[in-house]
Every structure is written in C-alpha cells, then in structure tokens.
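Report on the following structure.
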Amino acid sequence: MPKNIVITGANRGIGLALAKAFSRQGDTVYALCRQSSAELAEMNGKVITGIDVTEQSGIDAMTMALNNINIDVLVCNAGILRDENLAKFNLDTLRAQYEVNALAPLRVVHALQAQLNEGSKVAMITSRMGSIADNGSGGRYGYRMSKAALNAASMSLSIDLAPRNIAVGIYHPGYVQTEMVNYGGDISSTECASRLLQLIDDLDMSQTGVFRHSNGQVLPW
C-alpha cells in the first residue's frame, strides 16, 4: 500500500535520491526544500518550496502545507557541512551547523508529531562524524558537535515516541558523492538511497534508537 513520505532537504543529493527512490516504489513523496531543482521538478511527487527549517516561518509553512496529511515516514535529511579547526575558528559556522543539523530536525519532528500515526517511522540522517568513540582525526568542530547533538536528540525521540509505536532510525549515509563533499565520496547518492530505503523499510520497534551505517553496521556513540 502506498505510503506518505515527507523528506526535508529534498532538492539535491541524498534527499533528492531518496525522494526518487520512494517515488519509484509508488509512495507519495512530499519533498520539502528552500528552492526546488530541475531534477526534483521532474519527479512524480509533491514539491513544497520555501521551507527553511531553521526559521519559525519555514516551520509554519511546512505545517500548513502538510495539514491533514498522515505521515508514514518522516525523513529529516537537511544538513550542512562547514570546516573549522583551532587555527580557523569560526563561531558563525559553528552556530549555523548546530541550527541546521541538530535543532532543525527536532523542530520538524515536534511540529509534525501529531501527524505521525501508530506504526509511523522517523529517519534521522546523521553522520558517523557525530560519534565520539569513532573520532580519530579531530577538527570539524561544528559538524561533529552538531551531529553528536542530533544523535542525542534522536535517541530521546526514540524513547519518547515508543509509547505510540513510532520507530526512530539514526543513519549515517556513508561517504556519498554529493556537492557537500565536492563529489569525492565512495558511493553514489543512488546507492546510498537504496541502502537507506531498505533500512527504513526494515525499521521496527526492535531497532528504534539504533545508530547504523547505511551498510547496516551498528556504529558506536
């Protein structure tokens, strides 16, 4: 039976690939983004533009556009990567990454929680760079800190939504060939989306709150 899928940051990269993958299997995709793209416009789905998930106006526009939609799968994918280190310290980029990568996904789930039904699923697209145990190279303070915060929020969501039988998947997509990394990854966005789609399809309450690589490996916190 077709499902209603909501994806943030759906105009390019992993979000676009996921939107296409869900659409191909017959689901109704609500693709949220600030601005659409040529590829997204060609997709058989509902494109909702003007959605900046870091602004209250964007959250309000999102809730209005999705009013009365029962959401089966909510994918919080929007994210940014900036580069700072001790030599090039930048509080502005630190704060921007925290707003987009950590606070925005929580705001989205909070705003749409009433439209999640028993058995719905929430997929948080995070990064293994948010793993403290896995950090062997340092640097990237804003990205690492924001993704660690997202992981913490996702775990809390998995506990708070459990009484409603809503499972939360916490997923590192892999090193994906997207604009974010200047297309230097080792898997395509299409392959990444295929992996994530399978993980989301398999997600149930026995796996809620588990931090996984898109290849299925359980990652350390």
>> Residues that are acidic (Asp, Glu) and touching a helix residue (DSSP H, G or I) at 6+ places or on another chain (Cβ under 8 Å): list the strands (runs of 3 or more DSSP E) wholly contained in region 115-221 that include at least 1 such residues.
In response: 116-125
> Scanning for something of a type in the set (Val, Ile, Thr) and within 20 Å of Thr54 (Cβ to Cβ), does region 158-171 turn up at least one residue?
Replying inline: no
> From the set of residues in region 1-31 that are closer than 22 Å to Glu99 by Cβ and without any contact (Cβ under 8 Å) to a residue 40 or more places away in the chain, which is surrounded by the fewest Cβ atoms within 10 Å (Cβ to Cβ)?
Replying inline: Asn11
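Considering each of Ser194, Ser156 in turn, give the residue that is free of Cβ contacts under 8 Å to residues at least 24 places away in the same chain and surrounded by fewer than 20 Cβ atoms within 10 Å (Cβ to Cβ).
Working: Ser194 fails: free of Cβ contacts under 8 Å to residues at least 24 places away in the same chain.
Going through Ser194, Ser156 in turn, the sole match is Ser156.
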> Considering region 118-148 alone, what residues qualify as being farther than 15 Å from Arg212 by Cα, more than 16 Å from the chain's Cα centre (by Cα), modelled with pLDDT of 95 or more and polar (S, T, N, Q)?
Replying inline: Asn135
>> Please count how many residues of region 49-80 are among the hydrophobic types (A, V, I, L, M, F, W, C) and buried (at least 19 other Cβ atoms within 10 Å of the Cβ).
In response: 11
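The values are calculated or read from the model by the stated rules, or taken from the named source; none is laboratory data. Bear in mind the structure is a predicted one, so any value in this text is a computation, not a measurement. Cβ coordinates were reconstructed from backbone atoms using ideal geometry, including for glycine residues, and neighbour counts include every protein chain displayed.
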